[in-house]
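Contents: one structure, followed by commentary.
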Amino acid sequence: MRPSRSALRRSAAHLAPAAAALLLLTGGLAACSADDTDPTASATDPCAALTAYGDFPDGATVTIATAFTGTEAERFDASVEQFEECTGIDIVHSGSDALETVLRQTLEESGAGEATSTDLPDLAVVPQPGLVRDLARADALTALPDAVGANVELGWDRSWMDAGSVDGVLYAAPLMASVKSFIWYSPVAFEQAGYEVSTTWDELVALTEQIVADQAAPADADGAETSDPGATPWCLGVSDGDSTGWTVSDWLEETLLATRGVGAYDAWAGHRVALDDASAVSALDAVGDLLLADGSVAGGGEGAVKTTVEEAGQQLLDGSCYMLHASSGYENLLPAGTEVVTADSAAVGAATGTDTTGGAASTAQATASEAPAATGGVVSAFLVPGVADDDAGAPVIVGGDFLVRIAASDGDGADEEDGTDPDAVEAVMTYLTSAAWAQTRVELGGVATANRGVNASAMSSDVSRRATELLQSRQSVIRFDASDSMPAGVGTDVLWSALTQWTTGELDSKQALAQAEAAWPE
């Protein structure tokens, strides 16, 4: 995934020692559930629906660490404000770009007995099922209570509960989800250039080649180029601090699924074949043909590795490239004021001077050989197409954020010692896994969910709404992000590093994937 490697990845800050970093990150529910509220309670009382979570008049503090920063962190804080006011619980939220790396370090240190309960938050939001499994097997997590399991079972497909379980025990509850199989683009730029959204993989390859040809620098009579080339077909940002390389792993997984199908994807993701199996090598070669050919990405592979994930989005908005592969949650990284629309919306017509209801354009379209005009802050997205049209719908890759309880915060003495009320911790977990919280969070924008208790029509973003409807549908064929599900030291460490070297040309496809295969634990 990533956005937050949640729904996205973001630039990692300088990493402090694990114990100190986790210190900076910090700070039983009654038998009834949130659905057991008094039906006679006043509809005008904002706390009426929250009484089931308990009343903590003397105050209680629950600490939660996430990878949310910026707008995403602000929206998470806003989503729990009413709960805090009504229950008296103070949720101390600390977001860090370095959360995943810190948790991996803590996992290593816990084996040496170096971690203590005061170093750790009560709860954490982990964006990788593979890391959840590693933490659970190291006894770093506490099994989630029945009330939380009931919420997950009620709202989510069984596959999400399985992703958060180890040996049949639920250790992680899904909070939010994202569809990773989106290609963001500017409908304005497409309209001006006369390009159409691709519906098959072959069409996507052909569109890429067409844009490269259209944007090639014109030559004078002597054959010399007279100006710099125009916009590239693809935006690609690989640089992301300690997480550098994840966008390339997303491309590899997407291409393997789109061109080889679910059977090949499942075998590779589940390590039933080696990570350097011929199917994966072929898929990575296809990524190279699409993205690293001359003119496909600004600066080629070396330029992409120097470009951040956020900068790639800015390139899309300023018209220097046409398409960007990213999850449904990528809008969290788009500048304030960016409008996410349907491709045929009035916003596109206003930006291009085109009457999208069928009338004539009031201004002439730009020719395809010209760089696209600024997008007017209007973007949309379409799903990555497969090798051929599939009426049943192409399979999509998904990611998610999972709520866990850190084991050091649990126990008869530890909670009282550090001032944590175990009933308050359980109340927070139960609320965060409820459909009520999920509805509140999606209406704030920037995220999707697979929780079937959420009304997707209330969502303001077209892409987030479509992602949620797709995730909620029992007909959708979904596959979890492979690198997120692998052992953390492989999928989010060696694989990303090797793919970064592949992008710059230091390794070929076979060599890069062989490095990841060699890191797989015996």
Task: Residues whose placed amide H lies under 5 Å from that of residue 61, excluding near-sequence neighbours - done: 90, 421
Task: Amide H partners (placed H, <5 Å) of residue 166, local residues excluded - done: 171
Task: 3J(HN,Hα) from dihedral phi, the range 440-452, Karplus parametrisation 6.51/-1.76/1.60, rounded to Hz, x for glycine, proline - done: 4, 5, 5, 6, 6, x, x, 9, 10, 8, 9, 5, 6
Open item on the list: Less than 20 Å from a label point 7 Å out along the Cα-to-Cβ axis of residue 522: which backbone N atoms in the range 462-506 qualify, by residue?
Closed with: 487-491, 494
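Using the heavy atoms of the protein chains alone and a 1.4 angstrom probe, what is the accessible area of the range 430-522 per residue in square angstrom?
Values: 3400 Å² over 93 residues.
Value returned for the range 430-522: 37 Å² of accessible area per residue.
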Task: Calculated FRET value between residue 306 and residue 138, using beta carbons and R₀ = 45 Å, to 0.05 - done: 0.80
TODO: Provide Rg and Dmax in Å for the range 418-514, with only Cα atoms included in the calculation.
DONE: 19.5, 54
TODO: Kindly state, to the nearest 0.05, the FRET efficiency for residue 273 paired with residue 47, given R0 = 45 Å and r defined as their beta-carbon distance.
DONE: 0.25
Open item on the list: Can you give me the C-alpha center-to-center distance between the range 248-321 and the range 461-522, rounded to a whole angstrom?
Closed with: 10
Open item on the list: Please report the accessible area of residue 211 (heavy atoms, 1.4 Å probe, ligands and nucleic acids excluded) in Å², nearest 10.
Closed with: 0
TODO: Tell me the label-point distance for the pair residue 510, residue 205, using the 7 Å Cα-to-Cβ offset, in nm and rounded to one decimal.
DONE: 2.1
Task: Whole-Hz ³J(HN,Hα) from phi, Karplus 6.51 cos²θ - 1.76 cosθ + 1.60, for the range 233-238, glycine and proline x - done: x, 10, 9, 8, x, 9
- [ ] Using only protein heavy atoms and a 1.4 Å probe, report how much of residue 302 is accessible, in Å² to the nearest 10.
- [x] 110
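Please work out the Kirkwood hydrodynamic radius for the range 133-264, using every pair of different C-alpha atoms, and report it in angstroms with one decimal place. Mind dumping the intermediate values first?
Details: mean 1/r = 0.0512 Å⁻¹.
One decimal place: 19.5 Å for the Kirkwood radius.
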- [ ] Tell me the label-point distance for the pair residue 336, residue 474, using the 7 Å Cα-to-Cβ offset, in nm and rounded to one decimal.
- [x] 4.4
Task: Amide hydrogen neighbours beyond the local backbone of residue 448, cut-off 5 Å, H modeled - done: 177
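The values are calculated or read from the model by the stated rules, or taken from the named source; none is laboratory data. As the structure is a computational prediction, the values presented were derived from the model and not from experiment. Heads up, the Cβs are rebuilt from the backbone with ideal geometry, glycines too, and the neighbour counts pull from every protein chain shown. Heads up: the accessible areas ignore ligands, DNA and RNA and are worked out on the full protein's heavy atoms, side chains in. Shrake-Rupley method; radii C 1.70, N 1.55, O 1.52, S 1.80 Å.
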